[in-house]
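Input: a single structure, listed below in structure tokens.
Rule-based calculations on the coordinates, nothing more; no lab input. Here the structure is a predicted model, which is why all the values come from computation and not from measurement. Cβ placement follows ideal geometry from the backbone for every residue including glycine, while neighbour counts extend to all protein chains displayed.
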């Protein structure tokens, strides 16, 4: 694939053999990959803020809004007892019958061993499960094999068991992905900026709808051109000579 920007002056590049050109382009792509990994922070990936490298931009701290978290002096404390197994089964059944379910998982340590903390949230329930596995079997145990609701999640492969019409992708993860393309630079940067702009437009429409400034019909009408632009964005990403942008475009275009 021809680079969009020549790594050498045109005269020198033209005099360079095809094998050397291919090697240079490949090395440039590898350097960009490595620089992208070094540039990962909690602002453009799923890394936790405490794992940010020293050179990462300092995240602004929210001003204190009152007393410190936790029990205050003189507080007697309150504790919950364990629920009976039958009631836990009822909660899991209610989660599996929910019309919309949000699910995510994060790394966890249990007795010095790696585990995963799964969180499932519906309109009326929140369930936490600690499991040794990050695989699809946990997803099926939590949401059921025959659940017909909409599942909002990240793009982790364990969630691919749900049909596209039942999937809602987490916009925080999408924002990280597009910001990662911006920080990556090169051919990926304009694609990242475009993606971030479309996400911002989407949330403007959502906030207007939630505030009562537009009805559902108006929202759906305005989503049509936004969906068309997203389609063009994904196609452009798939055609990019950058390594990361095509993979993201293909995955989102499924």
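Tabulated results
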| read-out | value |
| --- | --- |
| Helix axis angle, 188-210 relative to the chain longest principal axis, alpha carbon, degrees | 40 degrees |
| Viscosity 1.306 mPa s, temperature 10 °C, Stokes-Einstein D of the stretch 27-87 from Kirkwood C-alpha radius, µm²/s | 95 µm²/s |
| As computed over the stretch 115-254, the Cα convex hull volume per residue (Å³) | 134 Å³ |
| Long-range tail of P(r) for the chain (Cα pairs > 31 Å, %) | 45 percent |
| With Cα atoms, 0 to 90° folded angle of helix 85-96 axis to the chain main axis | 40 degrees |
| DSSP bridge pairs, the stretch 100-179: antiparallel proportion in percent, nearest 5 | 70 percent |
| Relative packing of peptides 88-94, 244-250 - highest average C-beta neighbours within 10 Å first | 244-250, 88-94 |
| Packing-based ranking, highest mean first, of 120-130, 12-22, 179-189 given that Cβ atoms within 10 Å are counted | 179-189, 120-130, 12-22 |
| Per-residue [θ]222 nm for the chain (sum of -39500 (n - 2.57) over DSSP H runs n ≥ 4, rounded to 500) | -15000 deg cm²/dmol |
| With Cα atoms, 0 to 90° folded angle of helix 171-184 axis to the chain main axis | 30 degrees |
| DSSP-defined beta bridges in the chain - what % are antiparallel, rounded to 5 | 70 percent |
| Segments 214-222, 235-243 sorted - mean Cβ within 10 Å per residue, highest first | 235-243, 214-222 |
| For the stretch 17-123, projected area of the alpha-carbon convex hull averaged over all directions, nm² | 14.8 nm² |
| Stokes-Einstein D in µm²/s, Kirkwood radius over Cα pairs - the stretch 85-169 at 25 °C with 0.890 mPa s viscosity | 187 µm²/s |
| Cα-only Debye scattering, the stretch 171-252: base-10 log of I(q)/I(0) at q = 0.11 Å⁻¹ | -0.32 |
